[in-house]
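Reading through the structure tokens given below for one structure.
The values are calculated or read from the model by the stated rules, or taken from the named source; none is laboratory data. The shown structure was predicted, so the numbers you read here are calculated from the model rather than taken from an experiment. Glycine also receives a Cβ, built like all others from the backbone with ideal geometry; neighbour counts cover every protein chain displayed. Heavy atoms of the whole protein, side chains included, go into the accessibility calculation; ligands, DNA and RNA do not. Shrake-Rupley method; radii C 1.70, N 1.55, O 1.52, S 1.80 Å.
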Amino acid sequence: MRGQGAEPEVVDSDVSTGGAVLPPQAARLSFDAAALADNWRALDRMSGKAQAGAAVKANAYGTGVDRVVPTLAKAGCRQFYVAHWREGPAVMAHVPASMISVLHGPANDAETAFALATGLRPVLNSGQQVERWRAAGGGVCDLMVDTGMNRLGLADRDWGDALNTLEIDTLLSHLACADEDNAMNMRQQALFSQAITAIRHRRASLANSAGIALGSCYHHDLTRPGLALYGGVPRSELDGVIRDVVAPQAMILQTRQVPAGATIGYNATFTAPADMRIGIVSIGYADGYLRNWSGRGVFCHEGAVLPVIGRVSMDMVALDLAQAMQLGEGDWVTASYRLPDAARCSGLSQYELLTLLGQRLHC
Ligand SMILES: *Cc1c(COP(=O)(O)O)cnc(C)c1O
């Protein structure tokens, strides 16, 4: 709560701490802005004659919209996508509303009014959304057509002349299988080409990150990478092109000697095979470091490899410090989080590995 009644406006931390200075956080997300910018430039280059935009929904896939959007804007990105209307203002803090499209479209009067008041551009996804936008006297919009994914968008039977009264900036569709070599990609591309002929528009956009790697007939005027901006590698063509952008880092809270035969952590799933020195680290599943990593994850410190042992707790993990016996309380370690490898190791998708990174890491 801030600035209530006659009280002078104060910053949140002063209110909650009575003026005490908050100590630095004990877990954080490392963020490489240069790598993010390089990834966008690489994807823009690979998009050929098309321009690359950026999907920044879900807090830029969990990586932090307040650092991602300015970095991408500086690199040259001019089109941003969020899913929800309520995600718009955080992006508008950095770029004009006219560069931001809202993928879920206007679902009710409140969202339509918000679009008109802010200038955020709706992606119209259904006949009802088209009617709602027209009835509100809405101007420039985007239009999503379905080409086989059966998620959002107008089906081909609804691509009639009535749409030509809309002021469509970007005509969009979305690929269901771009990360695979699947005949569906060509079918979707062919149907999208029919939409391009049938519906008047300024720009056409089909490809997500993986779609960019499918080649020039998928590029059209504008591409919409998300995952690969943040270090995801959805297709092998992007291997060696895409750089890592984020990694969870956390502080060692305590070290301890564990005698051979003793167990470590919840449910005593790990038994020390010999005397061990372990570190208890300040990150857990409440930070998005899920229990999938129990007994499988790895942290690093200056080249030393520190395996996760036993179960991941809500706020802590235990590491085997055998390779870095000098580490102690207050030292920091970094999770091995290269997305394609982390996905294989954890069983989570690269998308989940990013988007579940918790609020705490952003404090
Ligand atoms: C999220 C999203 C993207 C980005 O997809 P990636 O696979 O992350 O590159 C592009 N287009 C639409 C419609 C999306 O919802």
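Details
- Against the criterion of being hydroxyl-bearing (Ser, Thr, Tyr) and closer than 14 Å to Arg291 by Cβ, Ser336 does not qualify.
- Condition check for Gly138 on (1) over 22 Å from Arg157 (Cβ atoms); (2) at pLDDT 95 or above: one failure, at (2).
- Residue satisfying all of: in segment 226-272; at positive phi and either open to solvent by 10 Å² or more (accessible area, probe 1.4 Å) or hydroxyl-bearing (Ser, Thr, Tyr) (or both); farthest from the chain's Cα centre (by Cα) among these: Gly261
- Counting only strands (runs of 3 or more DSSP E) that fall entirely inside segment 287-363 and contain at least 1 residues that are touching a strand residue (DSSP E or B) at 6+ places or on another chain (Cβ under 8 Å), surrounded by fewer than 21 Cβ atoms within 10 Å (Cβ to Cβ) and not hydroxyl-bearing (Ser, Thr, Tyr), the qualifying elements are 298-301, 304-309, 332-335.
- Selection count where residues are within 13 Å of the ligand (Cβ to nearest atom) and either outside the structural domain of Ala42 (by TED's automatic domain parsing) or not β-branched (Val, Ile, Thr) (or both), scope segment 60-76: 3
- Residue, nearest to Thr170 (Cα to Cα), within segment 199-214, restricted to residues that are open to solvent by 10 Å² or more (accessible area, probe 1.4 Å) and more than 16 Å from the ligand (Cβ to nearest atom): Arg202
- Close Cβ contacts (under 6 Å, 6 or more residues apart or on different chains) running from residues in segment 151-174 that are on the phi < 0 side of the Ramachandran plot and in contact (Cβ under 8 Å) with a residue 24 or more places away in the chain to residues that are part of a loop (DSSP other than H, G, I, E, B) and within 16 Å of the ligand (Cβ to nearest atom) comprise Leu152/Asn125; Ile168/His201; Leu171/His201; Ser173/Thr147; Ser173/Leu206; His174/Met149.
- When residues of segment 173-191 are limited to those that are surrounded by fewer than 15 Cβ atoms within 10 Å (Cβ to Cβ) and more than 25 Å from the chain's Cα centre (by Cα), the one farthest from Ser236 (Cα to Cα): Ala190
- Single residue of Gln128, Gln188, Gln194 found to be over 27 Å from Arg78 (Cα atoms), polar (S, T, N, Q) and assigned by TED's automatic domain parsing to the domain that holds Gln51: Gln128
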